[in-house]
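Only one structure is covered here, and it is reproduced in the block below.
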Amino acid sequence: DSADFDEEVKSICPFCGVGCQVSLKVKNGKVKYVEGINGPANEGRLCVKGRFGFDYIHHPHRLTKPLIRRDDAPAKGLNVDPGNWQEVFREASWDEALDLAAGALKGLKDTHGGTSVAGFGSAKCTNEEAYLFQKFIRQGFGHNNVDHCTRLCHASSVAALIENVGSGAVTATFNQIENADVAIIIGANPLENHPVAATYFKQFTKRGGKLIVMDPRGQGMKRFATHMLQFRPGADVSMLNAIMHVIVEEGLYDQQYIAAFTENWEAEKKHLAQFPPEKMEGICGVPAETLRAVARDFATAKAGMIFWGMGVSQHIHGTDNSRCLISLALMCGHVGRPGTGLHPLRGQNNVQGASDAGLVPMFLPDYQTVTDDGVRRAFTEVWQSGDFSNQKGLTVTEIMDAVHDDKIKGMYILGENPAMSDPDVEHARDALAKLEHLVVQDIFITETANYADVILPASAFYEKSGTVTNTNRQVQMGRPAVTPPGEAREDWAITVELANRIGLDWSYDSPADVFAEMKVNMRSLDNITWERLEREGAVTYPCKGPDQPGESVVFGDGFPRPEGRAKFTPAAIIPPDDVPDAEYPMILTTGRQLEHWHTGSMTRRASVLDAVEPEANCSMHPATLRKLGVEPGGMVRLSTKRGSIRIMARADRAVAPDMVFLPFAYVEAAANILTNPAVDPYGKIPEFKFSAVKVEAA
Ligand code: SF4
């Protein structure tokens, strides 16, 4: 009923990488409710987070004024009550807070050199904000120590994709599943983490598509699967190589495609000879006959797709896992045609766009390498500034190590929450406490803001203009429905203020100005203009013309690699880093659940979502709980070599008897107190999906 609202504004859901378009119904300056509209990724659909998870933006904990740490504040730690922060911080004017923040960071640069200051930007911000943030560190401090949460998410997938197909983005939109005969979903739980994408996956099975689900948890998509492979955690490579072994052994590969579009096939073929399913079933826990059946179904299909999530990427062999998936698609010729493709499902609403915009330590915008003099020159010409380092910068976890090593002394953190999201989080918290100066820009006093010297009150997604890029490579327009509370400002404008105070000469009047600058050195944005996005709402990149919608499937006529060929990179079996032993006999894996998103700073302040899922919880098999003598809903203690938490345990038959599943949204039982910081050598992603754990009744 239009009487329910004064205004209707179209924007993008701020949560997962599906990028659902929404209509925000606004009354008296507040969002009253949200409906799905006809965006290219959602066609009117929304999940519970998109529909009901919006009122965090009006929560009383919202920051409304800049805050400065009091001189007599207690030592830095998790000691701030977000509703009662006055003992730790005092309110300040914008001028005082910005002068203090910029002066302190500039002072560290002048005293210790530019590399003493690092930055974490955010995949929750717009493309323009991500671009400005990486420019702030590179231009302002002369190096590349700038990163964001892609490092904890799909960095290993991107490393493998760039290495083997020449581009880190998906080769086909998830909606292409409507043209597929078979699809693999591995290490992803779309019913909870990409629920609208899951509706397309379910439709696919209803019209007869064969769905192959591979996951150590017998998760919800199992009900729709032709084959459910509940493999042993960390055994991805043995399972995938066994499947590819069968395809070679039975001659099911696409010789014509391999000859025309790939390289290194003979080496891959020879490597795969070592992985017969009968030998691998004991490692991966999937019967050889099932591996053979899956190989035949995938290889003989006319069109097949592969979707994967962080179950694949968050391992010390995450890049190898993705290499196997890429090889599997290539050997079957399942890339470059409708209904085929490789699709890592992105977790945050703008993790694709923030990475595209250069918010990573090794690449400038559009994955142009910082080590290339010509590339850096192209950017410094546009920025009208001197050169910056030609060395790849430090990643999220390396930056925290560098703080402990006294190399980094100051940080600017925009919208990230490493005090909750980093592995072995006490290590990260100690690093934050050690910093000489920490500037945090956010909408709440997050766990990370607890450690701040200056907190700059920023804007929620529904309060700002800007573009975001979803998992499908669709660049979409976000529009403000309400104004930020109190004196809070849009993030891009705050970064501009800081830049000018550290001596840069930035003049942007709006995000549209920033987008125009981005287009100069980003070919991915060709034929995509701000005006067009305002008019059409979304355009997919790459886009071949100003009146084209963009390419939903790419690489039909070759790859952006030498000679246009994709590459097979053989992968060997590497065991997890922290293997169970007598003291820590079970396996801990972390992840998300439907109602909560990432570190919970937004969804735990969304009234409906918090009412549905208010309490920290973990899940384990009923037989495991019985053995512990714990009733479902009772308390357990989880301990690893890093630390220990007490948490409520649920019974869930989907979890194998030797495993524990633990969401990471709850500060009162923070999952990352337990997780292992060991990283994949290529993507530098931590092994969140495998830690040896002890479970006791508590
Ligand atoms: Fe938002 Fe993702 Fe749900 Fe869509 S599927 S409404 S983008 S959380």
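The values are calculated or read from the model by the stated rules, or taken from the named source; none is laboratory data. All of these numbers come straight from a predicted model, not from anything done at the bench. For neighbour counting, all protein chains shown are included, and Cβ atoms are generated from backbone atoms with ideal geometry for every residue, glycine included.
When you scan region 662-678, do you find a residue that is within 16 Å of the ligand (Cβ to nearest atom), part of a strand (DSSP E or B) and touching a Cys at 6+ places or on another chain (Cβ under 8 Å), even just one?
In the first step, residues of region 662-678 are kept if they are within 16 Å of the ligand (Cβ to nearest atom); the result is 663, 665.
Next, only the ones that are part of a strand (DSSP E or B) stay: 663.
When the remaining residues are screened for being touching a Cys at 6+ places or on another chain (Cβ under 8 Å), the result is 663.
The answer is yes; a qualifying residue exists.
In region 1-31, which residues are part of a loop (DSSP other than H, G, I, E, B), touching a strand residue (DSSP E or B) at 6+ places or on another chain (Cβ under 9 Å) and more than 9 Å from the ligand (Cβ to nearest atom)?
Selection gives PHE5, ASP6.
Kindly provide the set of residues from region 159-178 that are part of a loop (DSSP other than H, G, I, E, B) and within 16 Å of the chain's Cα centre (by Cα), ordered by number. Full working, then the answer.
At the first step, the residues of region 159-178 found to be part of a loop (DSSP other than H, G, I, E, B) are 166-171, 173.
If the condition is that a residue be part of a loop (DSSP other than H, G, I, E, B) and within 16 Å of the chain's Cα centre (by Cα), then GLY168, ALA169, VAL170 are the ones that fit.
Pick out the one residue from VAL482, VAL514 that is outside any loop (DSSP other than H, G, I, E, B) and out of contact with any Lys or Arg (no Cβ under 6 Å at 6 or more places or on another chain).
Checking each option against the conditions leaves just VAL514.
Restricting attention to region 625-633, does a residue exist that is closer than 30 Å to VAL396 by Cβ, out of contact with any Leu (no Cβ under 8 Å at 6 or more places or on another chain) and at pLDDT 95 or above? Spell out the reasoning first.
Residues of region 625-633 that are closer than 30 Å to VAL396 by Cβ, as a first pass: none.
Looking for residues that are closer than 30 Å to VAL396 by Cβ, out of contact with any Leu (no Cβ under 8 Å at 6 or more places or on another chain) and at pLDDT 95 or above, one finds none in region 625-633, hence no.
Starting from residues that are hydrophobic (A, V, I, L, M, F, W, C) and in contact (Cβ under 8 Å) with a residue 24 or more places away in the chain, keep the ones in region 192-207 and report whichever is nearest to the ligand (Cβ to nearest atom). Talk me through it step by step, then tell me what you get.
Step one: filter region 192-207 for residues hydrophobic (A, V, I, L, M, F, W, C), giving 196-198, 201, 204.
Within this subset, residues satisfying the condition of being in contact (Cβ under 8 Å) with a residue 24 or more places away in the chain are 196-197, 201, 204.
Numbers: VAL196: 4, ALA197: 7, PHE201: 12, PHE204: 17 Å.
Here the answer is VAL196.
Considering only residues that are polar (S, T, N, Q) and part of a helix (DSSP H, G or I), look in region 574-618 and name the one that is farthest from THR675 (Cα to Cα).
Kept after step one, since they are polar (S, T, N, Q), are these residues of region 574-618: 589-590, 593, 599, 601, 603, 607, 617.
From the residues that got through so far, the ones that are part of a helix (DSSP H, G or I) too are 603, 607.
On the way: THR603: 22, SER607: 29 Å.
Going through the qualifying residues, I end up with SER607.
Here's a check for you: in region 667-698, which residue that is among the acidic types (Asp, Glu) and surrounded by fewer than 24 Cβ atoms within 10 Å (Cβ to Cβ) is farthest from THR599 (Cα to Cα)? Steps first, please.
As a first pass, look at region 667-698 and keep what is among the acidic types (Asp, Glu): 668, 680, 687, 696.
After this cut, where a residue has to be surrounded by fewer than 24 Cβ atoms within 10 Å (Cβ to Cβ) as well, the list is 668, 687, 696.
Details: GLU668: 11, GLU687: 17, GLU696: 25 Å.
Result: GLU696.
I'm checking my understanding of the structure. Among residues of region 161-181 that are farther than 22 Å from ILE258 by Cβ and among the aliphatic types (A, V, I, L, M), which one is nearest to the ligand (Cβ to nearest atom)?
Only one residue fits best here, namely ILE177.
Taking region 322-361, which residues are under 17 Å from the mean Cα position of the chain (by Cα) and part of a loop (DSSP other than H, G, I, E, B)?
Result: LEU345, ARG346, GLY347, GLN348, ASN349, ASN350, ALA357, GLY358, LEU359, VAL360, PRO361.
Go through region 524-548 and give me each residue that's among the aliphatic types (A, V, I, L, M) and outside any loop (DSSP other than H, G, I, E, B).
LEU525, LEU533, ALA538, VAL539, listed by residue number.
Looking at the structure I just gave you, is VAL34 near the ligand (Cβ under 10 Å from one of its atoms), hydrophobic (A, V, I, L, M, F, W, C) and assigned to a strand (DSSP E or B)?
So VAL34 passes the test.
Any idea which of (1) under 22 Å from ARG217 (Cα atoms); (2) touching a helix residue (DSSP H, G or I) at 6+ places or on another chain (Cβ under 7 Å) is the one ARG637 doesn't satisfy?
(2)
Among the candidates ALA169, ALA160, ALA118, which residue alone is farther than 17 Å from TRP308 by Cα, touching a residue at least 40 places away in the same chain (Cβ under 8 Å), surrounded by 24 or more Cβ atoms within 10 Å (Cβ to Cβ) and not polar (S, T, N, Q)? If you could, list the steps in order and put the result at the bottom.
Working: ALA169 fails: farther than 17 Å from TRP308 by Cα; ALA160 fails: farther than 17 Å from TRP308 by Cα.
After applying the criteria, what remains is ALA118.
Please go through region 410-430 and give me each residue that is crowded, with 24+ Cβ neighbours inside 10 Å and over 19 Å from the mean Cα position of the chain (by Cα), ordered by number. Write out each step before concluding.
Filtering region 410-430 down to residues crowded, with 24+ Cβ neighbours inside 10 Å leaves 410-423, 425, 428-429.
Passing the criteria: GLY410, MET411, TYR412, ARG429.
Give region 77-102 a look and list any residue that's under 32 Å from the mean Cα position of the chain (by Cα), over 15 Å from PRO457 (Cβ atoms) and either at pLDDT 95 or above or part of a helix (DSSP H, G or I) (or both), or say none.
Selection gives VAL88, ALA102.
Just to check your reading of the model, which residue among LEU328, LEU345 is of a type in the set (A, V, I, L, M, F, W, C) and within 16 Å of the ligand (Cβ to nearest atom)? So that I can check it myself, show each step before the final result.
Details: LEU328 fails: within 16 Å of the ligand (Cβ to nearest atom).
Result: LEU345 is the single residue among LEU328, LEU345 that is of a type in the set (A, V, I, L, M, F, W, C) and within 16 Å of the ligand (Cβ to nearest atom).
Output the number of the condition that ILE12 fails; it satisfies all remaining conditions of (1) without any contact (Cβ under 8 Å) to a residue 60 or more places away in the chain; (2) surrounded by 23 or more Cβ atoms within 10 Å (Cβ to Cβ).
Among (1) without any contact (Cβ under 8 Å) to a residue 60 or more places away in the chain; (2) surrounded by 23 or more Cβ atoms within 10 Å (Cβ to Cβ), the lone unmet condition for ILE12 is (1).
Please list, ordered by first then second residue, the pairs with beta carbon atoms under 6 Å, 6 or more apart or interchain, first in region 466-493 and surrounded by fewer than 24 Cβ atoms within 10 Å (Cβ to Cβ) and small (Gly, Ala, Ser), second modelled with pLDDT of 95 or more and not in a loop (DSSP other than H, G, I, E, B).
Partner pairs satisfying both residue conditions: ALA488/PRO457.
Hey, can you tell me all the residues within region 60-76 that are assigned to a strand (DSSP E or B) and not charged (D, E, K, R)?
LEU67, ILE68 - these are the residues of region 60-76 that are assigned to a strand (DSSP E or B) and not charged (D, E, K, R).
Do the conditions hold for ILE184, that is, is it away from the ligand (no atom under 16 Å from the Cβ), touching a strand residue (DSSP E or B) at 6+ places or on another chain (Cβ under 6 Å) and either in a helix (DSSP H, G or I) or within 24 Å of ASN42 (Cβ to Cβ) (or both)?
Working: away from the ligand (no atom under 16 Å from the Cβ): yes; touching a strand residue (DSSP E or B) at 6+ places or on another chain (Cβ under 6 Å): yes; either in a helix (DSSP H, G or I) or within 24 Å of ASN42 (Cβ to Cβ) (or both): yes.
Judged against the criteria, ILE184 is a match.
Tell me yes or no: at least one residue of region 43-59 is more than 16 Å from the ligand (Cβ to nearest atom), under 30 Å from the mean Cα position of the chain (by Cα) and part of a loop (DSSP other than H, G, I, E, B). Lay out the reasoning, then the answer.
Filtering region 43-59 for residues more than 16 Å from the ligand (Cβ to nearest atom) gives 58-59.
If we keep only those that are under 30 Å from the mean Cα position of the chain (by Cα) too, we end up with 58-59.
The next check asks that each one be part of a loop (DSSP other than H, G, I, E, B); those that pass are 59.
Checking region 43-59: at least one residue is more than 16 Å from the ligand (Cβ to nearest atom), under 30 Å from the mean Cα position of the chain (by Cα) and part of a loop (DSSP other than H, G, I, E, B).
Mind checking which residues of region 57-77 are loosely packed, with under 14 Cβ neighbours inside 10 Å and over 24 Å from PHE15 (Cβ atoms)?
Selection gives ARG70, ASP71, ASP72, PRO74, ALA75.
Can you go through GLY29, GLY19, GLY39 and tell me which one is over 21 Å from GLY600 (Cα atoms) and buried (at least 16 other Cβ atoms within 10 Å of the Cβ)? Explain how you work it out, then say what you get.
Details: GLY29 fails: buried (at least 16 other Cβ atoms within 10 Å of the Cβ); GLY19 fails: over 21 Å from GLY600 (Cα atoms).
Result of the check over GLY29, GLY19, GLY39: GLY39.
Which condition from (1) at pLDDT below 95; (2) closer than 25 Å to HIS404 by Cβ is the one that VAL117 breaks?
VAL117 satisfies all of (1) at pLDDT below 95; (2) closer than 25 Å to HIS404 by Cβ except (1).
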